[in-house]
Amino acid sequence: MQIRKILSGIDFGKETEKVISYSAFFAKTFNASLDLLYVIDYLMTPPMYLQSYIKEESKEAFIKLNNIKELLSKSEINTQTKILSGRLQESFQKAIKKSQADLVILGFAHHPLRRSSSEKLIKSLKIPMLVVKGKENKIKSFEDVLIKKILCPYDFSEISEKALIEAANFASLFGSELDVIHVLPEFISNKKIKKKIRYDELLKPLYEETINNILEILKKNNINANSFVYEGEPSEKIILHAKRKDMDLIVIGARGLGLIKGLLIGSVTDSVLKKSDCPVLIIH
């Protein structure tokens with residue numbers, strides 16, 4: 001994946017500092033230009049009496065964005081700022097088309113009862129997207145960003161192989177360790193039955209066959225990676241592995257659902273996004 005232009009969604013929320021740090025890191029790494037986008041989100045054209053408030057919000061955003069631009073210019077990052085008004089998704093689509101962005105970088109917020117603005121964008125934009133996530137940490141600038149461990153879930157689909165190739169490219173570029181995992185369905189959940197029928201012994205040939213198939217894919221694409229096979233619910237095993245191995249980045253394919261309910265990513269990717277403690281790069 002060639003990254004020449006990055007579009008970063010800025011909302012001046014609590015994740016903004018990390019979004020800027022990762023945006024700057026990727027811009028420096030790929031020698032890409034960076035567009036910072038702030039959207040004044042509204043569904044309908046606001047009445048005249050609200051125009052003054054919108055102008056004030058736009059003015060404040062302009063000052064804040066230019067402060068960020070000046071800061072990034074000191075690190076020789078070619079940065080532009082954009083402020084758009086209107087529907088959030090349409091504004092991003094317009095900005096992506098105009099800037100010809102190769103990568104979108106966003107923060108993430110999850111609401112238990114409704115889809116947040118970031119979730120709506122993630123599920124509707126068909127473009128490689130880095131979703132910046134993680135617990136409070138020491139990342140204050142792009143110099144603090146380290147990507148030394150990359151995890152790529154693989155399910156033998158075309159999109160997951162595409163994600164695997166991109167993950168390998170990033171691992172080579174960043175000098176990172178790459179883990180590839182596949183999750184088998186849990187055929188029997190009852191532990192007593194498993195023990196009685198020697199379930200692990202029965203499943204061993206399937207594990208070995210799956211590992212061998214993964215190794216063939218890695219060899220075909222000339223990829224150096226660690227391979228793991230688990231059994232259970234995919235998103236749970238992905239998150240468990242990421243936490244246990246302290247991964248810095250998850251690269252995952254977006255299992256397309258067409259336009260069903262406006263979603264462009266699958267349920268596993270969606271669940272990983274909500275539960276991950278590290279940034280997630282979604283490949284379409």
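Bear in mind that the values in this text are calculations on the coordinates, not laboratory data. Every value quoted in this text rests on a predicted model; they were computed, and no experiment measured them. Neighbour counts are summed over all protein chains in view; Cβ atoms, including those assigned to glycine, are modelled from backbone coordinates with ideal geometry.
Given points 7 Å out from each Cα along the Cα-Cβ axis, report the Asn221 to Asp246 separation in nanometres with one decimal.
With each label placed 7 Å out from Cα toward Cβ, I get 2.7 nm.
Report, in listed order, any pair from Lys123/Lys162; Lys28/Lys245; Lys14/Lys59; Lys98/Lys274 with a Cα-Cα distance greater than 24 Å. Don't jump to the answer; show the numbers that get you there.
Working: Lys123/Lys162 19 Å; Lys28/Lys245 27 Å; Lys14/Lys59 20 Å; Lys98/Lys274 30 Å.
Over 24 Å apart, Cα to Cα: Lys28/Lys245; Lys98/Lys274.
Computed FRET efficiency, Cβ-Cβ of Leu146 and Ser58, R0 41 Å: what is it to the nearest 0.05?
The computed FRET efficiency comes out at 0.70.
Using alpha-carbon pairs under 8 Å, 6+ residues apart, how would you state the relative contact order of the range 1-135 in percent?
Reported relative contact order: 32 percent.
Give me Glu186, Glu231 sorted ascending by neighbouring Cβ count inside 10 Å, so fewest comes first.
If I rank by nearby Cβ atoms, fewest first, I get Glu186, Glu231.
What's the FRET efficiency of Asn212 with Ser157 using the Cβ-Cβ distance as r and R₀ = 22 Å, to the nearest 0.05?
In this case the efficiency is close to 0.75.
How much FRET efficiency would the formula 1/(1 + (r/R0)^6) give for Leu71 and Asn31, where r is the Cβ-Cβ distance and R0 is 22 Å, rounded to 0.05? Working shown, then result.
Working: r = 19 Å, r/R0 = 0.84.
Calculated transfer efficiency: 0.75.
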